[in-house]
1. If I go through the range 113-134 residue by residue, how many of them are out of contact with any Gly (no Cβ under 8 Å at 6 or more places or on another chain) and either modelled with pLDDT of 95 or more or at positive phi (or both)?
2. Can you find, within the range 3-54, the residue that is farthest from ASN115 (Cα to Cα) among those that are part of a loop (DSSP other than H, G, I, E, B) and of a type in the set (Ser, Thr, Tyr)?
3. Look at TYR55 and say whether it is in contact (Cβ under 8 Å) with a residue 40 or more places away in the chain and out of contact with any Leu (no Cβ under 9 Å at 6 or more places or on another chain).
4. Quick test of your reading of the structure: PHE30 fulfils all but one of (1) surrounded by 11 or more Cβ atoms within 10 Å (Cβ to Cβ); (2) farther than 17 Å from VAL121 by Cβ. Name the failing condition by number.
5. Restrict the check to the range 47-69 and report whether at least one residue is at pLDDT below 95, surrounded by 13 or more Cβ atoms within 10 Å (Cβ to Cβ) and either aliphatic (A, V, I, L, M) or closer than 20 Å to ALA122 by Cα (or both).
6. Could you count how many residues in the range 79-127 are of a type in the set (Val, Ile, Thr), over 17 Å from TRP24 (Cβ atoms) and touching a residue at least 40 places away in the same chain (Cβ under 8 Å)?
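The values are calculated or read from the model by the stated rules, or taken from the named source; none is laboratory data. Source: prediction; values computed, not measured. Backbone-built Cβ (ideal geometry, glycine too); neighbour counts: all protein chains shown.
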Amino acid sequence: MAPHVNWLAVFVAALSMFLVGGLWYSPILFAKRWMDANGFTDEQLNARGGTGRIYGGAFALALLCAANLAFFLGGADTTARWGLAAGGLTAVWIVAALGIMYLFERKPVSLFFINGGYYAVAFPLMGVILGAWR
């Protein structure tokens, strides 16, 4: 049987990922530490431009993530609880893969925790939305 996908829920789940990222990487939470760990300055980030491309691309990729997760959660017995678990398990894969990459790229452990933490929050939230909104 083909999975059931609620495309409005996919859009809302992607939007949740996008909004969590906006808060996560804002001055309220981790912007300064993220910039420091990457060696970025305000001037460098502002000079590079391409803001529309960056935010548009980020949202398109969030849609891809949400749609992919929705297909995994497309069974008739899916619940918010299973969505939370599936989103959390997805985050484990992503964070582990980031960790492997960061080890070889010799990136700061602080960057690993900031970026990994974002996925550890964003994917379970998307899973809850997708699991609950059938």
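1. 6
2. Per the criteria, the residue is THR41.
3. When the stated conditions are applied, TYR55 does not pass them.
4. (2)
5. Looking for residues that are at pLDDT below 95, surrounded by 13 or more Cβ atoms within 10 Å (Cβ to Cβ) and either aliphatic (A, V, I, L, M) or closer than 20 Å to ALA122 by Cα (or both), one finds at least one in the range 47-69, hence yes.
6. Number of matching residues: 1.
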